[in-house]
1. Check off (1) among the hydroxyl-bearing types (Ser, Thr, Tyr); (2) modelled with pLDDT under 95; (3) within 26 Å of residue 82 (Cβ to Cβ) for residue 218 and give me the number that stays unchecked.
2. Just to be sure, is residue 79 farther than 16 Å from residue 193 by Cβ and among the polar types (S, T, N, Q)?
3. Tally up the residues in segment 16-36 that are closer than 18 Å to residue 117 by Cα, touching a residue at least 24 places away in the same chain (Cβ under 8 Å) and either among the small types (Gly, Ala, Ser) or surrounded by 24 or more Cβ atoms within 10 Å (Cβ to Cβ) (or both), please.
4. Kindly indicate whether residue 109 is in the same structural domain as residue 172 (by TED's automatic domain parsing), within 25 Å of residue 199 (Cβ to Cβ) and touching a residue at least 40 places away in the same chain (Cβ under 8 Å).
5. Considering only residues that are within 17 Å of the chain's Cα centre (by Cα), outside any loop (DSSP other than H, G, I, E, B) and crowded, with 19+ Cβ neighbours inside 10 Å, which ones fall in segment 135-161?
6. Yes or no: residue 53 buried (at least 23 other Cβ atoms within 10 Å of the Cβ) and out of contact with any Phe, Trp or Tyr (no Cβ under 9 Å at 6 or more places or on another chain)?
Amino acid sequence: MDYILNIETATKNCSVALAKEGKIILCKEIAEEGYSHAERLHVFIEEIIQEAGITFNDLVAVAVSQGPGSYTGLRIGVSAAKGLCFALNIPLIAIDTLKTLASQVTVSTGLIIPMIDARRMEVYSAIFTPDFENKRGTLAEIITENSFEDFQETIYFVGDCTEKCKAVLTKDNFVFLEDIKCPSAKEMSLLSFEKFKTNDTVDVAYFEPFYLKDFMITTSKK
């Protein structure tokens, strides 16, 4: 049985899913403003393994969100995933966070633009077709009223920054799917199984999350 544990911690949603051959068995997740990943993640992992009636040795791989997203969230998820892979001697699979977010959308035409808040009017975004093929790579960009103006087809926006973006992105072909805010390990499951079948894995020792922007530590003025 090809059991894969999927870990998504790139945003405020701390999400863990167990899948067998790409099909969800169990998922536990919680989205909190306080980012409770450090407290919740390992508890979710242990509970899922126990409730599924399997052992850690039944896992054939661990998949983790590679970013972009929260620096701290990504570090917590990747550290947990690496620890499991080292201990169990199984491969690590990295999944594009924005593709996971886009995978919650079901449309037949147009384009999907998942966006993750990068503070102020900046977002992390990419552009996907309805079949989730990448039409434009991931960027950190500042949203203005001229953003995406070259596209004439219907654009479906998803993510945790639709509230601030819809005030400036007002073209008639822009549609905001406001119920889809965070990536989830549920949508990682099929993506990770497809990568597992083709042996598309990353080096456990050297893999680093895709932060997109350098992490900056500021010094208090007090």
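The values are calculated or read from the model by the stated rules, or taken from the named source; none is laboratory data. What you are looking at is a predicted structure, and each value in this text was computed from that prediction instead of being measured. Glycine gets a Cβ as well: all are built from the backbone with ideal geometry, and neighbour counts include every protein chain shown.
1. (3)
2. yes
3. Of the residues in that region, 1 qualify.
4. No.
5. 138, 157, 158, 159
6. no
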